[in-house]
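What follows is one structure encoded as structure tokens, with my remarks underneath.
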Number of protein chains: 4
Amino acid sequence: MAIDKLRVAIVGASGYTGAELVRLLTAHPRAEIVALTADRHAGEPLDAVFPHLAGLDLPGLVALDAVGWDGVDLAFCCLPHGATQEVIAGLPDGLKVIDLSADFRLSDPEVYERWYGRPHQAPGLQREAAYGLTELNRAEIAAARLVANPGCYPTAAQLPLVPLLEDGAIEADDIIIDAKSGVTGAGRALNEGMLYAEVGEGVHAYGVAAHRHAPEIEQGLSAAANKPVVVSFTPHLMPMNRGLLATIYVRVSAGYDADGLRRVLATRYDGEPFVRVLAAGATPATRHVRGSNLCLIAVFADRLPGRAILLSATDNLVKGASGQAVQNMNVMFGLAETLGLDQVPTFP
Amino acid sequence: MAIDKLRVAIVGASGYTGAELVRLLTAHPRAEIVALTADRHAGEPLDAVFPHLAGLDLPGLVALDAVGWDGVDLAFCCLPHGATQEVIAGLPDGLKVIDLSADFRLSDPEVYERWYGRPHQAPGLQREAAYGLTELNRAEIAAARLVANPGCYPTAAQLPLVPLLEDGAIEADDIIIDAKSGVTGAGRALNEGMLYAEVGEGVHAYGVAAHRHAPEIEQGLSAAANKPVVVSFTPHLMPMNRGLLATIYVRVSAGYDADGLRRVLATRYDGEPFVRVLAAGATPATRHVRGSNLCLIAVFADRLPGRAILLSATDNLVKGASGQAVQNMNVMFGLAETLGLDQVPTFP
Amino acid sequence: MAIDKLRVAIVGASGYTGAELVRLLTAHPRAEIVALTADRHAGEPLDAVFPHLAGLDLPGLVALDAVGWDGVDLAFCCLPHGATQEVIAGLPDGLKVIDLSADFRLSDPEVYERWYGRPHQAPGLQREAAYGLTELNRAEIAAARLVANPGCYPTAAQLPLVPLLEDGAIEADDIIIDAKSGVTGAGRALNEGMLYAEVGEGVHAYGVAAHRHAPEIEQGLSAAANKPVVVSFTPHLMPMNRGLLATIYVRVSAGYDADGLRRVLATRYDGEPFVRVLAAGATPATRHVRGSNLCLIAVFADRLPGRAILLSATDNLVKGASGQAVQNMNVMFGLAETLGLDQVPTFP
Amino acid sequence: MAIDKLRVAIVGASGYTGAELVRLLTAHPRAEIVALTADRHAGEPLDAVFPHLAGLDLPGLVALDAVGWDGVDLAFCCLPHGATQEVIAGLPDGLKVIDLSADFRLSDPEVYERWYGRPHQAPGLQREAAYGLTELNRAEIAAARLVANPGCYPTAAQLPLVPLLEDGAIEADDIIIDAKSGVTGAGRALNEGMLYAEVGEGVHAYGVAAHRHAPEIEQGLSAAANKPVVVSFTPHLMPMNRGLLATIYVRVSAGYDADGLRRVLATRYDGEPFVRVLAAGATPATRHVRGSNLCLIAVFADRLPGRAILLSATDNLVKGASGQAVQNMNVMFGLAETLGLDQVPTFP
């Protein structure tokens, strides 16, 4: 008897998160890609846009409105933010959707409007969407029709911070997140600042105190702390393709120290296949998770009394985007959560 | 009923080819790693040496002489050249071996001594070893006890050249190979020239007209041409971790042109899972094979009359080393050749 | 008495060659930048476009038609090819011009039209322009009003090849140029293929047998050989900002060998401040010329009988573009040729 | 009349800071290199060790004890820490010395012993040494015989922090320094962790809460605050050759905000040739100071109430090492401070 496969579509397959979904889903024993859309490339095979995906027996690229949705179980939506709201609002009602854009991550319409400069175009869906940080929101994801896949920075930041705030192990009003990301976090759009010569052999901060991932992080941390949380968040662009490292500076609550924080996290993530809390003294590196859905977390005592340093490393295209999306698919359809996600990191 | 698994050992598991074997074999449904050796690291877990390989339920590192060989079906040998001959000579007689060093690639003792400066220490094994360029030597590999896994440059060079020479489509006395490799081709040994600061933001040729992969290439081409072949071979070191591109300049035989060459190769590799001959006009890039066992080949007419340009791209650690070793294991044990080797390239 | 300074304008100052001219000219004791144009950025200071050029007391960016040419001695023209012809035709008659585009490099109108797909728009200037490969064309440059600054590949290729052809030391009909360039050779224009993620950690050939620098190289080699020369020329894109290495495969004429070729070059470039012929066995690296106007040349005997390998390394933005332009300015105005060009290479 | 030149020696010229000194000093109109030492390379020319420094008319490398010190005005000492104390103690009494190692940076013998694990071997010199952070300690440097050139991280951290602490504009007990450095900060010593393949395409923190630059930073900040200061300091290794970015999180004192901090810094560094305080909103990048002695500083209001973010970018080999050493030489000998240091940054 043949095993039934989920029939999935990828909307917006010509960007990096779309390509990474293809890489992961072709290794998934229970999923089958039945449609790939890319309006500007409709009529082309996918390997015209991504030669590394040649030879995979995939459907050709079509325009979004050419997709026949009958029999499609799930759509991954990989469009730029802003455009996504209307697109998803126009999909068939019964279709499950995992959206990799930022459009449904913020649940508060006012916060959305403040950071994105216009009212949300699908406020009903915005309320309905489940936030897809898998380890922290499984039950809601399992029941959801629409999952808002988290941003890469919010994933790396919340995985260590949420359990500590829920536990009361750290203070909520003194959280500083210094994050470093490879260039694919910015997508494939043409932008002078992303040319090789503008990134190679250098590092700089960007969006200082103004990056749109800050409210997303704060939303999750506020829920965890059960009070409004504001964070300091500074992303930096690194001369590398993939990888995200968050270095997080926190004030430890009375009665805790670095070892205590590590225990809280180790307990919380015990048995989790993709989150690893490192032993004392070990330092995570992005190259040690490259290509995998892993998140490595470490805790160090700071030299400043009463403070600790959290380190969190992911591959921004996998756990920070497409890998977590597949993980969410597995949860939504009752599959083993690691299906299609057992890639060993590729190093060097 | 449980499927029987091959029981394999990796001798010299603390280098890059050893680590890459672990990455590939843990995804192999019919192989199980039962021993990992690294004399300098005996007693440590593998993830002390390679943190990216944590969490994989692997045996610890032991000294070579602590391995119990009973029940081991195959040893991959990843030691530096020179040291390897005596080691393999000392392994149990019945054990199958795939050697990733250069020690058994040259079948002529005189050629070996000329290029390595001393007589071979295991001339019997040298005669016996099968050359492991899988697509071109399957029958011999299938029957072999000892397989000499090819070098990264010889793999990328011979895959396009051997069929053309066998066919008589190109001249044998005018072959120029300009090759570009990522740094992992040089292994993990400490060497000032391999420090980041000595490689980053630059390119240079090395071993000009004197690289030890030249006689290995010539051995294969001479057999293909049925006469002694000498090649021009110049490797270059690239500021990247992985990837190997060979740009090969050839003189076309009478009656052939670039399209004819492409047809010869397309026919020869028709149905091969890992070798792809690109359509006219397409250009291979190493980033499009990263992490996979693929070899992409393209043929262009040169502007110089009577000449053509061949391009051949691989991942030097996969098809150029550990991936081809796993492919050879599959052949030696009658398994489907693609088992454990279906990784989609990781791009970006 | 104050030393008179040349008053120079840079037309098209918002690209990499423009920025590099500013870097070099601000260190030039006899030149003063009096105008900088960039139509899209008119009204902005240069450091809005290039923050690394802040603090230099430079004129602001203006539109081309806002430049007052009275008293300007020289214009460097850094516009894209195609656009340049009309612009230069419209400049004041007495103004000296060094053009860094491709527009005036090919002296034969038919060759220009064949490679660029349209007739030249300023054929009179095309005939008049001197080809600015300084070491090989000083007298003509010194007398010229309009100098066509060579392309980066043609500079690296012709410096070793022209003296050898003029001497008859190599055969003219068997020249193969395999070149590797950093990304700045492609300029700052938006182009998906130049995004960091499309270049990092990989290498590929481009424009195989079809690159527009081929006819420029052939023009120079044909003059040197005194007969039509066709070359094989394959450029490759490297994951680095700067640097160009040409590996050139040649057939040696009867009576010559690699040492003989090296002597021809050493004699020809004896006393030249920017061209260095390395001792036998030394290998040039692009990182050893970074930021300088140097060209390093090496000669190796090939293993193929009767052949030799030439290596030529430059910084594509300096000797391959803006540095040679300044060198030409020095020649045109009778200044010491090294003025402003004494930068020691920056390594690492 | 010939201008008198300082006669300088470079002790330990085979490392990156030694090479960078040579690059800078050969452009210095008032300095002449009269001796270069490298015990392991004695008898070789410098360009055997650093090919990019060929053609510069330099003395050959000699062993330290072969240097004739008569007539030498100044020695730059570029040896590894630990070894340096005895070497400097053995130099002639009248010789001025600028030491680029860590050996004389900490003035408190107890602090030195705690961080370096052994008593200082030249405690008299330790007391005597002036700390060479030029902009902040000119008078003492001008009068010193021995200058301890600061570390790269301490330079980038103290330049923004010291004036703010002296002014009372920030709190002294809540300073968090997240720093990112290129690989040359680690020198040229052989170390597996500095191989290209171990650094490329990744980022990681190291020495978390335990790096030896922390006490050096704290020494300077304590003096500025006039009370003991402890800092949180976390360095990260970046896949790039040069450049250092410090992102510093501070609590603002009552009555101050980000604009106020920026004013304090702008006032303090007004007229300084090498320190630039950027306008509000501008973000420094390491690539914009590459090869230059500049330090770019920016101040941003944090979203966390009462906090601000400081950014400080340098080239770790120039302002973070050899450039500042030359600047100190200029101060010690009464020369214009910018002599030899007017390099425009090299971008891209």
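The values are calculated or read from the model by the stated rules, or taken from the named source; none is laboratory data. Predicted, not measured: the structure shown is a model, and the values here were computed from it. Positions of Cβ are backbone-derived with ideal geometry, glycine not excepted, and every protein chain shown enters the neighbour counts.
The residues listed here are B:Glu128, B:Glu198; of these, the one that is among the acidic types (Asp, Glu) and facing another protein chain (nearest Cβ under 8 Å) is B:Glu198. Of the residues making up segment C:314-343, those that are part of a loop (DSSP other than H, G, I, E, B), surrounded by 22 or more Cβ atoms within 10 Å (Cβ to Cβ) and at the interface with another protein chain (Cβ under 10 Å from one of its Cβ atoms) are C:Asp315, C:Leu317, C:Gln343. The residues listed here are A:Gly220, A:Gly207; of these, the one that is part of a helix (DSSP H, G or I) and not assigned by TED's automatic domain parsing to the domain that holds A:Arg118 is A:Gly220.
Picking from residues in segment B:47-86 that are in contact with a helix residue (DSSP H, G or I) (Cβ under 7 Å, 6 or more places away or on another chain) and in contact (Cβ under 8 Å) with a residue 40 or more places away in the chain, the one that is surrounded by the fewest Cβ atoms within 10 Å (Cβ to Cβ) is B:Leu64. Taking the numbered list (1) more than 16 Å from D:Leu265 (Cα to Cα); (2) within 14 Å of chain A (Cβ to nearest Cβ) in turn, D:Ala156 passes all entries but (1). Look through segment D:266-309, keep the residues that are in a loop (DSSP other than H, G, I, E, B) and among the aromatic types (Phe, Trp, Tyr), and return whichever of them is farthest from A:Leu237 (Cα to Cα). Of everything passing the filter in segment D:266-309, D:Tyr269 is farthest from A:Leu237 (Cα to Cα). If the condition is being outside any strand (DSSP E or B), of a type outside the set (A, V, I, L, M) and in contact (Cβ under 8 Å) with a residue 60 or more places away in the chain, then segment B:1-22 contributes B:Gly12, B:Ser14, B:Gly15, B:Tyr16, B:Thr17, B:Gly18, B:Glu20.
Within segment D:239-261, residues that are under 11 Å from D:Leu310 (Cα atoms) reach partners that are of a type in the set (Val, Ile, Thr) and part of a loop (DSSP other than H, G, I, E, B) with beta carbons closer than 6 Å, at six or more positions or on different chains, in the pairs D:Leu245/A:Val203; D:Val250/D:Ile175. For D:Phe347, the criteria (1) farther than 28 Å from A:Ile248 by Cα; (2) away from chain A (no Cβ under 14 Å); (3) over 21 Å from the mean Cα position of the chain (by Cα) hold in every case but one, which is (2). Being within 11 Å of chain D (Cβ to nearest Cβ) and either part of a helix (DSSP H, G or I) or among the β-branched types (Val, Ile, Thr) (or both) is not true of C:Ala27.
Of the numbered criteria (1) in contact with an Asp or Glu (Cβ under 6 Å, 6 or more places away or on another chain); (2) surrounded by 22 or more Cβ atoms within 10 Å (Cβ to Cβ); (3) away from every other protein chain (no Cβ under 14 Å), the one C:Ile170 fails is (1). Please go through segment D:201-221 and give me each residue that is in contact with a helix residue (DSSP H, G or I) (Cβ under 7 Å, 6 or more places away or on another chain), of a type outside the set (Lys, Arg) and more than 7 Å from chain A (Cβ to nearest Cβ), ordered by number. Once the filter is applied, which keeps residues that are in contact with a helix residue (DSSP H, G or I) (Cβ under 7 Å, 6 or more places away or on another chain), of a type outside the set (Lys, Arg) and more than 7 Å from chain A (Cβ to nearest Cβ), segment D:201-221 yields D:His213, D:Pro215, D:Glu216, D:Ile217, D:Gly220, D:Leu221.
Yes or no: segment C:204-218 includes at least one residue that is over 23 Å from the mean Cα position of the chain (by Cα) and within 21 Å of C:His81 (Cβ to Cβ). There is no residue in segment C:204-218 that is over 23 Å from the mean Cα position of the chain (by Cα) and within 21 Å of C:His81 (Cβ to Cβ). Residues satisfying the criterion are absent from segment D:264-272 (criterion: touching a Pro at 6+ places or on another chain (Cβ under 6 Å), without any contact (Cβ under 8 Å) to a residue 60 or more places away in the chain and either at the interface with chain A (Cβ under 10 Å from one of its Cβ atoms) or not aromatic (Phe, Trp, Tyr) (or both)). Note on segment D:256-313: residues that are of a type in the set (D, E, K, R) and surrounded by fewer than 17 Cβ atoms within 10 Å (Cβ to Cβ) total 5.
Going through (1) at pLDDT 95 or above; (2) under 30 Å from C:Met194 (Cα atoms); (3) outside the structural domain of A:His236 (by TED's automatic domain parsing) one by one, A:Ala130 falls short only on (2).
Checked against the criterion of being over 29 Å from A:Gly182 (Cβ atoms), more than 10 Å from every other protein chain (Cβ to nearest Cβ) and over 18 Å from the mean Cα position of the chain (by Cα), the candidates D:Val252, D:Val275 yield just one match: D:Val252. Residues of segment A:153-203 that are closer than 23 Å to A:Glu272 by Cβ and more than 22 Å from the chain's Cα centre (by Cα): A:Asp167, A:Gly168, A:Ala169, A:Ile170.
Count of segment B:226-249 residues, restricted to those that are more than 20 Å from the chain's Cα centre (by Cα), part of a loop (DSSP other than H, G, I, E, B) and away from chain A (no Cβ under 14 Å), is 5.
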